[in-house]
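Have a look at the structure below before the remarks.
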Amino acid sequence: MISATTVAIAYHSGQGHTAVLAEAVGGGATEAGATAVQIPVDTVTAEQWRTLDAADAIVFGAPTYLGTASAAFHVFAESTSGRWAKRAWTGKVAAGFTVSGSMSGDKLHTLQYFSIFAAQHGMHWVNLDLLPGWSASTASVHDLNRLGITLGAGAQTDTDRGPEAVSGADARTAFHLGARVARVAAALNATPALSAAAH
Ligand SMILES: Cc1cc2nc3c(=O)[nH]c(=O)nc-3n(C[C@H](O)[C@H](O)[C@H](O)COP(=O)(O)O)c2cc1C
């Protein structure tokens, strides 16, 4: 049952932009019937580690800093190595989102890093499944997936503006990802051989 699905959103945000997207991912997961839990990875508590271990899905989020996820996210990722060795997260659903100051900003590398991190844990990576927006004369900057990324959700925000400047289109794209992750996790829950519960 989808209401039994838990989606954890493990993210770092330096100036609050990524936090807006984390909220949007959680909103999408909730609308799809899951329980969404936000976990800032730079202050993760023992109880939040238990939530991560019990979650059906973990969506990873970080700003792109110097072409990869922020250092705080990398610290968190490295601190999961004990769980990696025990295959503690095998079978969970995974996805990712990131934001940068430039339109490209090398965000794709951050999403690739998240997907490889998930693969190391034996998680099932979920992509965005949206056609590119803003790629024709009839399209606009307000379109869903305006940045045309497929591996996860991406956003661009001006570096001299605060979290209120996160584009509505990018937030809606993150919302879409959260809903998709919740639906995939619920479907996997109904397939015990593949789900986290089987491991
Ligand atoms: C140390 C540092 C490195 C950054 N590197 C990049 C980068 O490689 N590409 C880019 O487009 N923006 C870069 N930025 C801009 C951030 O990605 C952007 O401001 C983002 O919205 C920050 O998100 P946050 O508020 O969640 O930390 C960098 C910012 C900082 C502070």
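The values are calculated or read from the model by the stated rules, or taken from the named source; none is laboratory data. Not measured: the values here are computed from a predicted model. Heads up, the Cβs are rebuilt from the backbone with ideal geometry, glycines too, and the neighbour counts pull from every protein chain shown. Note: accessible area is taken over every heavy atom of the protein model, side chains too, but ligands, DNA and RNA are not part of it. Shrake-Rupley method; radii C 1.70, N 1.55, O 1.52, S 1.80 Å.
Percentage of Cα-Cα pair distances in the stretch 1-110 greater than 23 Å, rounded to whole percent?
Across the stretch 1-110, Cα pairs with separations above 23 Å total 26 percent.
Accessible surface of SER167, taken over heavy atoms with a 1.4 Å probe and every protein chain present, rounds to 30 Å².
Taken over the stretch 2-198, the percentage of Cα pairs per 5 Å bin, counting from 0 up to the bin with the maximum distance, is 1, 9, 18, 22, 21, 15, 8, 4, 1, 0, 0.
Helix-only estimate, please: 222 nm mean residue ellipticity of the chain, summing -39500 (n - 2.57) across DSSP H runs of length 4 or more and dividing by its residues, to the nearest 500.
-11500 deg cm²/dmol
Counted over the chain, the DSSP beta bridges are approximately 10% antiparallel. You can think of it this way: the chain between ALA4 and ALA54 has 16.8 nm of extra reach, that is 0.36 nm per residue less the Cα-Cα gap. When the alpha carbon gyration tensor of the stretch 56-167 is reduced to an equivalent ellipsoid, its three semi-axes come out at 28, 17, 10 angstrom, largest first. Close amide H contacts of LEU144 (hydrogens built in the peptide plane, cut-off under 5 Å, sequence separation of 5 or more or a different chain): none are found. For ALA155, nonlocal amide neighbours, meaning residues 5 or more places apart or on other chains whose placed amide H falls under 5 Å from its own, are THR98, VAL99, SER100. Ratio of Rg to Rh for the stretch 108-199: 1.05 [Cα atoms; Kirkwood radius as inverse mean 1/r over pairs]. Overall, the stretch 72-199 carries a charge dipole of about 560 debye about its Cα centre when +1 sits on the Cβ of Lys and Arg and -1 on the Cβ of Asp and Glu, all other atoms neutral.
For a Förster distance of 30 Å, can you work out the FRET efficiency between the beta-carbons of GLU164 and HIS109, rounded to the nearest 0.05?
Values: r = 27 Å, r/R0 = 0.90.
For GLU164 and HIS109, the calculated efficiency is 0.65.
Our summary gives the stretch 2-198 a relative contact order of 27 percent, counting only alpha carbon pairs under 8 angstrom and 6 or more residues apart. Against the main long axis of the alpha-carbon atoms of the chain, helix 107-120 sits at an angle near 10°. Computed with a 1.4 Å probe on the full set of protein chains, the accessible area for ASP129 sits at about 100 Å².
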